[in-house]
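Here's the structure, in structure tokens; my notes come after.
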Amino acid sequence: MRIGELAARAGVSVRSLRYYEEQGLLTSTRSAGGQRHYTDDEVERVAFVQRLYAAGLSSRTIAELLPCVDAPSEENSDAALERMLQERDRLSEHITGLIHTRDALDRLMATAQAHREGLRPSATAS
């Protein structure tokens, strides 16, 4: 299939597919005229790459994990597991930072609400 069909079937832009190919996340064969051609398997690969992006992984990290998918071996699995552990630790640190930020925002909202309530005229003062 050509790039436009893959984009439509995978629900991504043609630009995204070109980027994935530039990053080594996707491969195609070329026609004599230079047009990209993909197999039906690439639809699932694009969906997999999209899921990894949605999980917060960079294209570089995804490229490091794909050998485990493309050519499973003990060496590739060990490397992928190590990289996934690093990525998990990074995400955990990010989550911890987000929780601290949310808690600080909650405290600031409580302070603002208390200040607002202090500005209201009392019902008994007439």
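The values are calculated or read from the model by the stated rules, or taken from the named source; none is laboratory data. Everything numeric in this text was worked out from a predicted model, so none of it was measured. Virtual Cβ from ideal backbone geometry, glycine too; neighbours counted across all protein chains shown.
So if I check each of 24, 33, 97, 118, which one is at positive phi and of a type outside the set (A, V, I, L, M, F, W, C)? Spell out the reasoning first.
Working: 33 fails: at positive phi; 97 fails: at positive phi; 118 fails: at positive phi.
That would be 24, the only listed residue that is at positive phi and of a type outside the set (A, V, I, L, M, F, W, C).
Given (1) surrounded by 10 or more Cβ atoms within 10 Å (Cβ to Cβ); (2) closer than 22 Å to residue 44 by Cα; (3) not β-branched (Val, Ile, Thr), where does residue 82 come up short, assuming only one miss?
(2)
Quick check on residue 49: is it part of a helix (DSSP H, G or I), touching a residue at least 12 places away in the same chain (Cβ under 8 Å) and closer than 30 Å to residue 89 by Cβ? I'd like the intermediate steps shown before the answer.
Working: part of a helix (DSSP H, G or I): yes; touching a residue at least 12 places away in the same chain (Cβ under 8 Å): yes; closer than 30 Å to residue 89 by Cβ: yes.
Yes.
For a quick check of your reading of the model, give me the residue pairs whose first member lies in segment 84-101 and is under 24 Å from residue 64 (Cβ atoms), whose second is among the hydrophobic types (A, V, I, L, M, F, W, C) and at pLDDT 95 or above, with beta-carbon atoms closer than 9 Å and at least 6 apart or on different chains.
none
Within segment 100-115, can one find any residue that is among the charged types (D, E, K, R) and either closer than 30 Å to residue 5 by Cβ or touching a Ser or Thr at 6+ places or on another chain (Cβ under 9 Å) (or both)? Walk me through how you get there before you give the answer.
Here is the first cut: in segment 100-115, the ones among the charged types (D, E, K, R) are 102-103, 106-107.
Next cut, either closer than 30 Å to residue 5 by Cβ or touching a Ser or Thr at 6+ places or on another chain (Cβ under 9 Å) (or both) only: none.
No: segment 100-115 contains no residue that is among the charged types (D, E, K, R) and either closer than 30 Å to residue 5 by Cβ or touching a Ser or Thr at 6+ places or on another chain (Cβ under 9 Å) (or both).
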